[in-house]
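The values are calculated or read from the model by the stated rules, or taken from the named source; none is laboratory data. Model, not experiment: these values are computed from the prediction. Please note: Cβ atoms are built from the backbone with ideal geometry, for glycine as well, and neighbour counts cover all protein chains shown.
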Amino acid sequence: MVKRFFSYYKPYKKLFALDFGCAVIAALLELAFPLAVNYVIDKLLPGKDFSMIITASLALLFFYFLNTFMQYIVTYFGHMLGLNIETDMRRDLYKQLQKQPFGFYDNQKTGKLMSRMTTDLFEIGEVAHHGPEDIFISVMSLFGAFFIMLTINVKLAVATFVLVPILTVLIVFFNKKMTKVNSQIFKTLGTFNAGVENAISGVRVVQAFANEEHERERFAGLNGAYRQAKLMFYRVMGLSFSFNYFLMRLITLFALLFGAYFTIQDQMTYGQFVSFILLTNVFIRPIEKINAVIESYPKGIAGFKRFLEIMDTKPDIVDKKDAKEAPVFRGDIRYQNVSFHYKTSRNVLTNIDLSIQAGETVAFVGPSGAGKTTICNLLPRFYEPTNGTITIDNHDIKDLTLASLREQIGVVQQDVFLFSGSVRENIAYGKLNATDEEIYDVIRLANLEDVVRNMEAGLDTIIGERGVKLSGGQKQRLAIARMFLKNPPILILDEATSALDTETERVIQESLDKLADGRTTLIIAHRLATIQHADRIIVVNEEGIKEQGSHTELLQQDGVYKRLYEAQFGRNM
């Protein structure tokens, strides 16, 4: 873990050297000040040469200016180093999350993932800056001050240093406790964020059911759990700081008591005595800095462990080492002995065999949960079959790169997701370099022309989070326009017209028929009226593919499809 942590320093070696070097110089200058005071008291004061004292003071002023500059570099460029590392980790984490298949997100909460992208990485960035630098400088200052103390008075130095081992034991003890508590805090924070994200995104449902009081109570529980975790951390931190404070003040008291004794016994000069007292402050400061590191270190380590959890989660669906770019598809699709099940469930699909010809429009119907959407989701490899193979134009889809495969498959899902930007941005997502002319063409195909024309800002109208400012039909048509713009050889329409009124559905269906001409189209539908035109209708139930044929052929078979049809339209139709 340490090796992986420090690997993020590699791109910033020069920045680290600048920050670290200036921190070392600043620490050495701090050690020089007590020696200068000793020199002024023991050497310059007895000579009563005030001009020399002024000269010495000006020299000290120069070093203070130099140290001030060093402190600025350490503060600004040191935090820049931490921020750069934090940014790189966030980039890697986002890239890793993008690689994860649908199955990964089925078991994750958005709020928890968000806390790993923000809070966790902020704490890691703080440790990346302060951790190695502060620990090294503190140890150097500690032993540097002790060495100088030894040159002044060995007995007094040893008497002062005797409490340091006790402090070290306490630091290690409380550090372990705080690391453990911080892991619990991050876990609680992830749950808290997930709960808040869920409540805010579902506020319309909350208000529709008048369940505000229930949500307040649930939030109070989350808020209270987070508070308790933080209080546990502060209790441990309070004990740590209190014990350390007492022992550090004992060090100063020891130095004052024994220093006064040795001075009275003429074993030390007044200058050495004052210098020694100042050195104890320099001696104590690194210990205080280590205490500050102790507060951030457990947070950073706990955050980095959670960061590694995701980074070490290998995606179930990845490109093979020898994966090749997909050629331009004709659209011949074949499922051979395909089975699929989720990790914690029985088989959703069992030994599916299905051939779809290029340019054919195939509709899947059947009860919910029978596997219609799963069959289609396996084609772009949103999920991976448990057994069997799927080919397009005789190419096993596992032999093709994910990007080149998905570029040629257009999907309009039942649950439309729109980004919170403008109409233009959402439609252009189907083709990022699309011209306005191309966007207007697909708007007309999706029957959105009048809607956009009546918007105050036209294509630049902001539609709100998940398209909240649009009606259900408008959102569905915008998603269809986005798919028109992608213009792929294979289409998957998952209840693509489910949110449309009858008249709009008829117009959109005409557009979809035009788009499907010469392309392979897979349609998932519950409303049988929308798929009667399909070249082939496949009836799927818990047993697999039960029936297939045209609308007319299936009605003549007097099977599952006919019963579904009669249930929707009445037995006499």
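So, of the residues in segment 267-284 that are part of a helix (DSSP H, G or I) and of a type in the set (A, V, I, L, M), which turns out to be modelled with the lowest pLDDT? Spell out how you get there, then give the answer.
Just the residues of segment 267-284 that are part of a helix (DSSP H, G or I), to begin with: 270-284.
From what's left, of a type in the set (A, V, I, L, M): 274, 277-279, 282, 284.
On the way: Val274: 82, Ile277: 80, Leu278: 79, Leu279: 78, Val282: 74, Ile284: 71.
Looking at the filtered set, the residue picked out is Ile284.
Considering only residues of segment 92-114 that are among the polar types (S, T, N, Q) and modelled with pLDDT under 80, which is farthest from Asn377 (Cα to Cα)?
Taking segment 92-114 first, the residues among the polar types (S, T, N, Q) are 96, 98, 100, 107-108, 110.
Remaining after also requiring modelled with pLDDT under 80: 107-108, 110.
On the way: Asn107: 17, Gln108: 19, Thr110: 22 Å.
Checking each candidate, the answer is Thr110.
Could you grab the pairs with beta carbons closer than 7 Å, sequence gap of 6+ or different chains, first residue in segment 524-545 and within 15 Å of Lys562 (Cβ to Cβ), second one of a type in the set (D, E, K, R) and surrounded by 18 or more Cβ atoms within 10 Å (Cβ to Cβ)?
Between residues of segment 524-545 that are within 15 Å of Lys562 (Cβ to Cβ) and residues that are of a type in the set (D, E, K, R) and surrounded by 18 or more Cβ atoms within 10 Å (Cβ to Cβ), the close pairs are Val539/Glu547.
What's the number of the only condition in (1) surrounded by fewer than 16 Cβ atoms within 10 Å (Cβ to Cβ); (2) more than 29 Å from Lys486 (Cα to Cα) that Gln357 fails to meet?
Evaluating Gln357 over (1) surrounded by fewer than 16 Cβ atoms within 10 Å (Cβ to Cβ); (2) more than 29 Å from Lys486 (Cα to Cα) leaves (2) as the failure.
If you go through segment 310-334, how many residues are more than 19 Å from Thr389 (Cβ to Cβ) and β-branched (Val, Ile, Thr)? Let's see the steps before the verdict.
Going through segment 310-334, the residues more than 19 Å from Thr389 (Cβ to Cβ) turn out to be 310-315, 325, 328.
If we keep only those that are β-branched (Val, Ile, Thr) as well, we get 310, 313, 328.
Counting residues in segment 310-334 that are more than 19 Å from Thr389 (Cβ to Cβ) and β-branched (Val, Ile, Thr) gives 3.
Which one is surrounded by the fewest Cβ atoms within 10 Å (Cβ to Cβ), of the residues in segment 111-135 that are over 10 Å from the mean Cα position of the chain (by Cα) and among the small types (Gly, Ala, Ser)? Full working, then the answer.
At the first step, the residues of segment 111-135 found to be over 10 Å from the mean Cα position of the chain (by Cα) are 122-135.
In the following step, the residues that additionally are among the small types (Gly, Ala, Ser) were identified as 125, 128, 131.
On the way: Gly125: 25, Ala128: 29, Gly131: 18.
Only one residue fits best here, namely Gly131.
Would you tally the residues in segment 471-481 being surrounded by 15 or more Cβ atoms within 10 Å (Cβ to Cβ), farther than 12 Å from Phe419 by Cα and within 31 Å of the chain's Cα centre (by Cα)?
3
Under 6 Å between Cβ atoms, at least 6 apart or on separate chains: pull out the pairs that start in segment 364-393 with a residue that is buried (at least 18 other Cβ atoms within 10 Å of the Cβ) and end on any residue that is at pLDDT 90 or above and part of a loop (DSSP other than H, G, I, E, B).
Correct list of pairs: Leu378/Pro385; Ile392/Phe329.
Scan segment 538-566 for residues that are buried (at least 17 other Cβ atoms within 10 Å of the Cβ), within 24 Å of Ser339 (Cβ to Cβ) and more than 48 Å from the chain's Cα centre (by Cα) and report the count.
Total meeting the criteria: 0.
Can you confirm whether Asn377 is polar (S, T, N, Q) and either farther than 24 Å from Glu407 by Cβ or in contact with a Lys or Arg (Cβ under 6 Å, 6 or more places away or on another chain) (or both)? Working first, answer last.
Working: polar (S, T, N, Q): yes; either farther than 24 Å from Glu407 by Cβ or in contact with a Lys or Arg (Cβ under 6 Å, 6 or more places away or on another chain) (or both): no.
It is false that Asn377 is polar (S, T, N, Q) and either farther than 24 Å from Glu407 by Cβ or in contact with a Lys or Arg (Cβ under 6 Å, 6 or more places away or on another chain) (or both).
Among the residues that make up segment 237-246, is at least one of them over 27 Å from Leu29 (Cβ atoms), under 30 Å from the mean Cα position of the chain (by Cα) and part of a helix (DSSP H, G or I)?
So the first thing to find is which residues in segment 237-246 are over 27 Å from Leu29 (Cβ atoms), and the list is 237-243, 246.
Restricting the remaining residues to those that are under 30 Å from the mean Cα position of the chain (by Cα) gives 237.
Then keep just the ones that are part of a helix (DSSP H, G or I); that gives 237.
Yes, segment 237-246 contains a residue that is over 27 Å from Leu29 (Cβ atoms), under 30 Å from the mean Cα position of the chain (by Cα) and part of a helix (DSSP H, G or I).
Of all residues in segment 510-537, how many are crowded, with 16+ Cβ neighbours inside 10 Å, under 42 Å from the mean Cα position of the chain (by Cα) and not hydrophobic (A, V, I, L, M, F, W, C)?
Number of matching residues: 6.
I'd like to check something: does segment 93-110 contain any residue that is in a helix (DSSP H, G or I), touching a Ser or Thr at 6+ places or on another chain (Cβ under 6 Å) and surrounded by 15 or more Cβ atoms within 10 Å (Cβ to Cβ)?
So the first thing to find is which residues in segment 93-110 are in a helix (DSSP H, G or I), and the list is 93-99, 102-106, 110.
Keeping just the survivors that are touching a Ser or Thr at 6+ places or on another chain (Cβ under 6 Å) gives none.
Looking for residues that are in a helix (DSSP H, G or I), touching a Ser or Thr at 6+ places or on another chain (Cβ under 6 Å) and surrounded by 15 or more Cβ atoms within 10 Å (Cβ to Cβ), one finds none in segment 93-110, hence no.
Looking at Gly303 and the list (1) over 30 Å from Met1 (Cβ atoms); (2) modelled with pLDDT of 75 or more, which single condition is not satisfied?
Unmet for Gly303, out of (1) over 30 Å from Met1 (Cβ atoms); (2) modelled with pLDDT of 75 or more: (1).
Taking the condition of being exposed (fewer than 14 other Cβ atoms within 10 Å of the Cβ) and assigned to a helix (DSSP H, G or I), how many residues in segment 1-31 meet it?
If we filter segment 1-31 for residues that are exposed (fewer than 14 other Cβ atoms within 10 Å of the Cβ), which is where we start, we get 1-4, 6-7, 10-11, 13-14, 17, 21.
The next check asks that each one be assigned to a helix (DSSP H, G or I); those that pass are 2-4, 6-7, 10-11, 13-14, 17, 21.
Here the count works out to 11.
Within segment 310-338, work out how many residues are over 15 Å from Leu379 (Cβ atoms) and under 33 Å from the mean Cα position of the chain (by Cα).
Total meeting the criteria: 15.
Which of (1) more than 17 Å from Ile492 (Cα to Cα); (2) buried (at least 17 other Cβ atoms within 10 Å of the Cβ); (3) touching a Ser or Thr at 6+ places or on another chain (Cβ under 7 Å) is the odd one out, the single condition Ala446 does not satisfy?
Every listed condition holds for Ala446 apart from (1).
Is there any pair with a first residue in segment 404-422 that is closer than 14 Å to Gly472 by Cα and in contact (Cβ under 8 Å) with a residue 24 or more places away in the chain and a second that is assigned to a helix (DSSP H, G or I) and among the acidic types (Asp, Glu) whose Cβ atoms are under 9 Å apart and which are 6 or more apart or on different chains, and what are they?
Note: pairs meeting the criteria are Leu418/Glu465.
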